[in-house]
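The next block holds one structure in the form of structure tokens; read it before the comments.
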Amino acid sequence: MGRKSSLKSLPTDIQAAVLKAMEGGATIDGIVERLADLGHKRSRSAVGRYAKQYSELAARQRDVRSVAEAFA
């Protein structure tokens, strides 16, 4: 099992801003720059891994929702 993501150690309001940016279609580089502007320097690879995990989780949630709607 790997280490906890460095982005998960950010304050919750910053994490929420990162997720909102991802949902809004922001690029990894854009998110890295924004985090640096806010004083939370993170690597491009860390943001990329976090984005990948988030997109996989979002896909699973969509699948679960579609199955639930099919049975409703």
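Checking each residue in region 36-54 for being assigned to a helix (DSSP H, G or I) and either free of Cβ contacts under 8 Å to residues at least 24 places away in the same chain or of a type in the set (D, E) (or both) picks out A36, D37, R44, S45, G48, K52. Test R62 against the criterion of being within 18 Å of S5 (Cβ to Cβ), part of a helix (DSSP H, G or I), out of contact with any Leu (no Cβ under 6 Å at 6 or more places or on another chain) and open to solvent by 90 Å² or more (accessible area, probe 1.4 Å), and give yes or no. When the stated conditions are applied, R62 does not pass them. The single condition among (1) in contact with a helix residue (DSSP H, G or I) (Cβ under 7 Å, 6 or more places away or on another chain); (2) open to solvent by 60 Å² or more (accessible area, probe 1.4 Å) that V67 does not satisfy is (1). Among the residues of region 1-54, those that are open to solvent by 50 Å² or more (accessible area, probe 1.4 Å) and of a type in the set (V, I, T) comprise T12, T27, I28.
The values are calculated or read from the model by the stated rules, or taken from the named source; none is laboratory data. Since the structure is predicted, the reported quantities are computational estimates derived from the model, not experimental observations. As a convention, Cβ positions derive from the backbone with ideal geometry for all residues, glycine included, and neighbour counts pool all protein chains shown. Just the protein is used for accessible areas: all its heavy atoms, side chains included, with ligands, DNA and RNA removed. Shrake-Rupley method; radii C 1.70, N 1.55, O 1.52, S 1.80 Å.
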